[in-house]
Structure formats: C-alpha cells, structure tokens
Amino acid sequence: MPLLRGDQVVADERVRVPVDAPVPAAGPLLLDLARLTAEAEHLWHRPDGVGVELLPAQPVEALEDWLDRLDLVALRFPAFTDGRPFSSARILRARYRFGGEIRAVGRLIPDQAQFLRQCGFTTIEVDDADLPRWRAAQVRMSLTYQLGYAESAGPPALSVFRARHARSGRAAA
Amino acid sequence: MYRYDEFDEAFVRERTRQFRNQVARRLRGELSEEEFRPLRLMNGLYLQLHAYMLRVAIPYGVLSARQMRQLAMIAERWDKGYGHFTTRQNIQFNWPALKDVPDILDALADVEMHAIQTSGNCIRNVTTDQWAGVAADEVADPRPWCELLRQWSSLHPEFSFLPRKFKIAVTGSPHDRAAVKVHDIGLRMHRDPATGEAGFEVIVGGGQGRTPMIGKTIRGFLPLHQLLPYLSAIMRVYNRHGRRDNKYKARIKILVHELGQGEFTREVEAEFARDPGTDEVYALTEAEISRIARHFAPPPYERLAERHPRHDARVFASQDFARWVRSNTARHKVQGYAIVNVSLKPTGGIPGDADAAQMRLLADLAERYSHGEIRVTHHQNLVLPDVRLGDLFALWEELEPAGLGTPNVGLLGDIIACPGMDYCSLATARSIPIAQAISRRFQDLDRQREIGPLEIKISGCINACGHHHVGHIGILGVDKQGRELYQVTLGGSAAEDASLGSIVGPGFSADAVVDAIETIVATYLDQRQDGETFLAFTHRAGLKPFKEALYAAAPG
Ligand code: SF4
C-alpha cells in the first residue's frame, strides 16, 4: 500500500515477513513484536533498516532497549476510534526522543491526518482507492492550542499560547 | 467575561469552514452517513428521533447579552423558535436542517461561540459553579482555569479519540454547586492550610450513567501551574488503559474502579513524573492564566449599603415578591448586590426550554441590571449574577409576566428532566411529561416552600442524563414489556456530600408515579424533625418509612 508523507505519496519499501517464513537476507524489514523479540540479536547488522509494528495493546515501553536501532515503528489502528496509538506515538517522540519514522496503519479517516502528525506520525498507510479521498479531505487547522505537539511533516500549526506570549513580550519590550 | 482574541477567532472560523466543506461533501453524497457521523459529532451535531439536534457549547455556562440575542435569532431563523438549556450548561436546538448547520455555526462564530466537542469521545465542554466569581463562599475564581481548559482541550491531537466521552467540572467554593464528584475529573480549588497557596483537589472517576460512582481523590493538593501536565497524565493513562471492548465499561470510572484507587493514582503519578511539563509549559501557563484572568476582573461594583430600605419595604408589602426573593436570589460577595436565579421551570412547563422572546428579554435585563452577563446552570436554569438590591423589584416585575419569575429555585418544582422519549432516540420512557405532571400537582408555591429544598431529577433511560442517581428524589423511566415503568430512588446528592440514591422498591406506572411522589413527600413532612431537610431526613431515617407508606397498603 502507498504511504502518505505530508502531501507526498511514496511507495512502501518494507518487506513484511510472514509468520513462518525466514527473514530475507536483504531489504528493509517490518516485523511484528514477537518476531522482533525472537530474532533481535540477528538483525542489527543489517544495513537496510528494521522496523516493528505494534498493536494498540502492545506498549511502546516494550521497545525501550531497541529504539536506538529501529528506524521505523508502525502503530496499528484497528478502528479509527481507537485512539491509543496517538499516545504511543507521543511517548515515542517526547519521552524516548525516537527520531525514526512513525507510521500509522489500519483504519483511519482523512480528517485525522493532522492529529496524527501532531502526535509524531510521519507516514500514513493509505489504500490506493482511498488516496483521492484523503487528498480531497485533508483539512488542516493552522492554529493549535496544545504545547509540544509540533507537526512532524509539513508546516507546523502555529501554537496559540506561544504566539500570544511572543506578542506580549514584544509589547512589553 | 472572556473575549476572543484574533487567535481564538481564527481558530473557530477555520473549524467552521472545515465543517462547511464536510457538510457539502455529505449533501453531494461524497460522504456516507457512516463516514460523516464522526465528523458531525465532533461538531456537536446529533441525529435524533425526528431530526438533527445541534448542541452548542456555552463554555462553563457563561453568556453575554449579545450571545443570548444571537441564540434567540438562531432559534427563530433555523429552529422552531425556542432552545433547550441542558444539564451540561449547554443549549440544544432540536430542529435544524443539515444544510443550515454551517450557517448556524457561522452565526455562532460571529458571537464567539461554537459547537466543538459537545459530543463524541473527547473532552467535552468544561462546566463550573454557576455563581463563579460572585458567590459569597468562594475561595478562588474557577473561570480562568475553565477557559484555559477550554483552549487546551480544543482539538487535542492526543485526546480526541478516547474510549468514551470525558467531562471535567471545576468548583472554587467549598459548597459544591458544580457536582465535581460525579464527573470524570472534578477539580476543587482550595487553599493549602499551611501556606495559604491556592491549588486543586483532583477527583477522578465519578459519574452517572448505568454504573454511577462517586469520584475518588487522587491528589489532595496540586499546585495551580501544574494543572495541564497533571491532567495530561490522567488523560494519557485513561487513553491507553481505559476499556474499549465494551462501550458501557469505557468511562474512566470503570478503569479507576478496576485498577483500584491506589493503583490508578500510582499510574498517574508515575506518568506525571515522567512528563511533568517543561519550564516553558509552566511559564506559558502562568502568562496565559494571568492574561485570561484579566477578562474575569470584577465589574465596576458600586459601593452600596448592606440593606436597601425601599427593597425591604417591597419585600414587606408584596408576598409574591417576597417569595421570589427568598427562593430565587442568593447572597452576593459584594455588599448591596444579589445573585438572581431565573427559573426555567414554570408550572407545567418543559424544564430548560426558553423561547426567543424570553431569551431577548433576558439579554435586555442582563444589560440593564447585571453587567450584561447571564449564566446557565446545570439545573437548567439561568442566573443574572450582579443585580443591585434596589433593582430586584423592577427586575422581578419584568420577569414575572414573561413566565420567568417562578419562585421555585431549589424547591420541588425545580425539576431536572432529560429530553426522554419526546426527542431522544435512546429513551426507554418519557421524562418531560412526568416532570410536567409533578410540577402541576405541586403547583402551590407555599406548599413547596413548606416542603423546603428538594431536588427531583428524571431520566428517560439508564444513561442518566437527567442525573436521577443524585436527585434527592430520582426517577428513572424504564421499559417493561412495552410499558413505561418509573423507578424511584431516594437520598442522592451531587453536592459536597455527594451520594447515590437508593431504590425505594418496585417501580410505578406513569399514572401512579405522581401519587408516589405525593406519598413520599407526605411521609417526610409527617416524620421530619425540626428544620430537617428532605435529604437529611432520608439519610437519617433510611428507606423504611417510605417503603411502609408506599407499599404496605397494597394488598397481598
Ligand atoms: S437519559 Fe436516556 S433518554 Fe434521557 S437524554 Fe439521556 S440517553 Fe436520552
């Protein structure tokens, strides 16, 4: 499936490894948590990058020891109403300072794109057929009231509190 | 009151434009109802039994005269000429057409209002004491904090898809008029006895619905400037661990209950310790709160005497006026002023309804007598917060003929009722007609006065929007084999002595429930001790005397 990165559509180059298949010798990977846990030690010499996909019930804390060697964490939304991955992404960025790709996979609606980016997601997996809908519906607020939820792709929404503060600072100066 | 700056204005306008685009896509058939549903819900638009319903946020229940006039205009132009004030300090319009909703939202934005987050599984409109800023017993003014929370919770990227809806209430007084113990988060402002510093008691996991619970205190004293990071920690624990497998177990109260108060508290404190907020967050919170607080500076009060001789004389001369003063006005923190409670519960009326003419009159009266401000209460009444004693009579003379002077605030006729079967698609029984029948039966105001403080609360189904669990008398309408049956609970309270009512016994039919209330009241009047309120009596005497009176006579 293609990926949305900001407004760009990019191809997904990751190899997903079926449960009973061996890990291919080359190419960037996307593994589930069980596979990653089982084979972690054999993966880190690979030049092409290793990613993991978490279900919402799997805490990101489980990745703590590997985060500096992972370059992708994919977080699955079983339904767009299941907001757990928003917190997972936020924790990856804010607490663990994870700098790699965070990908949203699963059932999402286009109107969530900005929230995703603000929580730290960089890419969204979108069905080919859905791409036009996502493009048409990408609605963006240029202002945000929350602190510390910068957007990870595209121009950041202006933080209202910061903007006010800067203005009153200027007024005082 | 708070006024938007250019950022707030731009934010709401942008949001309204987005929704206009979404509605257009829906009307063109590009969005299915299933796809449109989450979008409309995020903008306060429900699909009811007969039509769409738009729920408009009235942040912490504060309205200006200008906003009230705009609500009247909306009611006339796009609805059937009236609006319904709710137990969430909001207003609902029950008959808008979908195509008109973007225009309604624009009209709201023109007066700094919106419908953002009045539905959906997000942080809902924050509520507070309807007497905030003017109550004689207030420790600290909760309104600036409510406004901060309004902004912080608006389109929160992390907390807009929670397991379930989320309600926060704040009180700044020891006498809790905001029902903070039956909210997902209740915040009680108080002062540290040692240092005198103001802070919050943080209460989590209260709620009504089908599993009513009283909230638990997880932090006795939280310094003011830590509020946002601490609330974020609570929200994050809930967002990650709240149940999503069963809609009826998804509120935070169930998580607190299942983890236990101790474990839940530990999780929140651990999360808070990991992400305690940066210096920038604290500095901006402080800068922001002092900016907001300037909007809530006291209006220019006059220096008045404690008593007003002409007012006293009028109270003496007119029994009707005296009755109204006694039940519908309250002590103001400033000498020579009173808080006026406007009852939206005329005898036989629909609790919380106001028509456009009444709204306009209230706007005029607020401008003439109360610094242009109006409050909405969770009892579905309105408040004029700043009225000079000397103006009370003139004000009353205008309220009375408009049907806004019923002297029953806090008395039996001041009934809370959810919309029930008349509007709501979830209802299992009617609630408005029951409220009307009780109100007619007890229309004698001297009798209500004699009975004293008594809160009756009616819900049309187990979801408890009518707050029946915390009614002194609670009435829950259920469906039993196609017939409406009304279950009666006694002894509930939403105030600082919060408690849940107990079911008195088998339910009553719609015809019999009014007689049952009559019997309950008679039992109390007959057996109460000196000065004992209905609530105190039920707590002392328990259900026994009521059971005897209600059921003993029945044969078999
Ligand atoms: S209590 Fe039930 S009937 Fe009443 S408004 Fe709520 S959902 Fe509807």
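Which of the following residues is within 23 Å of residue A:92 (Cβ to Cβ) and modelled with pLDDT of 95 or more: B:256, B:237, B:202?
Working: B:256 fails: within 23 Å of residue A:92 (Cβ to Cβ); B:202 fails: within 23 Å of residue A:92 (Cβ to Cβ).
None of the others qualify; the one that does is B:237.
Kindly provide the set of residues from segment B:1-28 that are of a type in the set (Gly, Ala, Ser) and farther than 14 Å from residue B:43 by Cβ, ordered by number.
First, the residues of segment B:1-28 that are of a type in the set (Gly, Ala, Ser): B:10, B:24.
Within segment B:1-28, just B:10 meets the criteria.
Being within 16 Å of the ligand (Cβ to nearest atom), buried (at least 23 other Cβ atoms within 10 Å of the Cβ) and either without any contact (Cβ under 8 Å) to a residue 60 or more places away in the chain or not assigned by TED's automatic domain parsing to the domain that holds residue B:493 (or both): is that true of residue B:431 here? Break it down into steps so the answer makes sense when it comes.
Details: within 16 Å of the ligand (Cβ to nearest atom): yes; buried (at least 23 other Cβ atoms within 10 Å of the Cβ): yes; either without any contact (Cβ under 8 Å) to a residue 60 or more places away in the chain or not assigned by TED's automatic domain parsing to the domain that holds residue B:493 (or both): yes.
For residue B:431, the condition - within 16 Å of the ligand (Cβ to nearest atom), buried (at least 23 other Cβ atoms within 10 Å of the Cβ) and either without any contact (Cβ under 8 Å) to a residue 60 or more places away in the chain or not assigned by TED's automatic domain parsing to the domain that holds residue B:493 (or both) - is met.
So is residue A:36 closer than 17 Å to residue A:100 by Cα and hydrophobic (A, V, I, L, M, F, W, C) or not?
On the way: closer than 17 Å to residue A:100 by Cα: yes; hydrophobic (A, V, I, L, M, F, W, C): yes.
Judged against the criteria, residue A:36 is a match.
For segment B:229-266, which residues satisfy the criterion of being open to solvent by 30 Å² or more (accessible area, probe 1.4 Å) and within 12 Å of chain A (Cβ to nearest Cβ)?
Listed by number, the residues that qualify are B:240, B:241, B:243, B:244, B:245, B:247.
Which ones in segment B:396-423 are under 28 Å from residue B:533 (Cα atoms) and either within 16 Å of the ligand (Cβ to nearest atom) or among the basic types (Lys, Arg) (or both)?
Those that are under 28 Å from residue B:533 (Cα atoms) and either within 16 Å of the ligand (Cβ to nearest atom) or among the basic types (Lys, Arg) (or both): B:415, B:416, B:417, B:418.
This table checks each residue for (1) open to solvent by 30 Å² or more (accessible area, probe 1.4 Å); (2) acidic (Asp, Glu).
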site: B:195; (1), (2): yes, no
site: B:218; (1), (2): no, no
site: B:225; (1), (2): yes, no
site: B:284; (1), (2): no, no
site: B:290; (1), (2): yes, no
site: B:302; (1), (2): yes, yes
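May I ask you to list the residues in segment A:113-129 that are within 8 Å of another protein chain (Cβ to nearest Cβ) and either of a type in the set (S, T, N, Q) or open to solvent by 30 Å² or more (accessible area, probe 1.4 Å) (or both)?
Across segment A:113-129, the qualifying residues are A:114, A:118.
Could you please let me know if residue A:60 is among the β-branched types (Val, Ile, Thr) and away from chain B (no Cβ under 14 Å)?
Working: among the β-branched types (Val, Ile, Thr): yes; away from chain B (no Cβ under 14 Å): no.
Answer is no for this residue.
Residues checked against (1) under 30 Å from residue B:371 (Cα atoms); (2) buried (at least 19 other Cβ atoms within 10 Å of the Cβ):
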{"residue": "B:15", "(1), (2)": "no, yes"}
{"residue": "B:21", "(1), (2)": "no, no"}
{"residue": "B:30", "(1), (2)": "no, no"}
{"residue": "B:37", "(1), (2)": "no, no"}
{"residue": "B:66", "(1), (2)": "yes, no"}
{"residue": "B:70", "(1), (2)": "yes, yes"}
{"residue": "B:74", "(1), (2)": "yes, yes"}
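Just one of the numbered conditions (1) crowded, with 24+ Cβ neighbours inside 10 Å; (2) of a type in the set (A, V, I, L, M); (3) within 16 Å of the ligand (Cβ to nearest atom) is not true of residue B:426; which one?
Looking at each condition in turn, residue B:426 falls short on (1).
Tell me, yes or no, whether segment A:70-90 has at least one residue that is open to solvent by 30 Å² or more (accessible area, probe 1.4 Å), within 23 Å of residue B:37 (Cα to Cα), of a type in the set (D, E, K, R) and touching an Asp or Glu at 6+ places or on another chain (Cβ under 7 Å).
yes
Would it be correct to say that residue B:490 is free of Cβ contacts under 8 Å to residues at least 60 places away in the same chain, more than 14 Å from the ligand (Cβ to nearest atom), within 22 Å of the chain's Cα centre (by Cα) and away from chain A (no Cβ under 14 Å)? Steps first, answer last, please.
Working: free of Cβ contacts under 8 Å to residues at least 60 places away in the same chain: yes; more than 14 Å from the ligand (Cβ to nearest atom): yes; within 22 Å of the chain's Cα centre (by Cα): yes; away from chain A (no Cβ under 14 Å): yes.
So residue B:490 passes the test.
Select from segment B:229-243 the residues that are touching a helix residue (DSSP H, G or I) at 6+ places or on another chain (Cβ under 6 Å) and touching a residue at least 60 places away in the same chain (Cβ under 8 Å) and list them in ascending order.
Across segment B:229-243, the qualifying residues are B:236, B:238, B:239, B:242, B:243.
As an exercise: evaluate residue B:437 against (1) under 22 Å from the mean Cα position of the chain (by Cα); (2) open to solvent by 10 Å² or more (accessible area, probe 1.4 Å) and give the number of the one condition it does not meet.
Condition (1) is where residue B:437 drops out.
All but one of (1) of a type in the set (A, V, I, L, M); (2) buried (at least 21 other Cβ atoms within 10 Å of the Cβ); (3) closer than 30 Å to residue B:333 by Cβ; (4) more than 16 Å from the chain's Cα centre (by Cα) hold for residue B:91; state the number of the condition that does not hold.
(4)
Looking at segment B:455-487 only, could you name the residues that are within 13 Å of the ligand (Cβ to nearest atom), more than 18 Å from residue B:540 (Cα to Cα) and either within 14 Å of another protein chain (Cβ to nearest Cβ) or in contact with an Asp or Glu (Cβ under 8 Å, 6 or more places away or on another chain) (or both)?
B:477, B:478
The values are calculated or read from the model by the stated rules, or taken from the named source; none is laboratory data. Note that the coordinates shown come from a computational prediction; the quantities given were computed from them, not determined experimentally. As a convention, Cβ positions derive from the backbone with ideal geometry for all residues, glycine included, and neighbour counts pool all protein chains shown. In case anyone asks, the SASA skips ligands and DNA or RNA and just uses the protein heavy atoms, side chains included. Shrake-Rupley method; radii C 1.70, N 1.55, O 1.52, S 1.80 Å.
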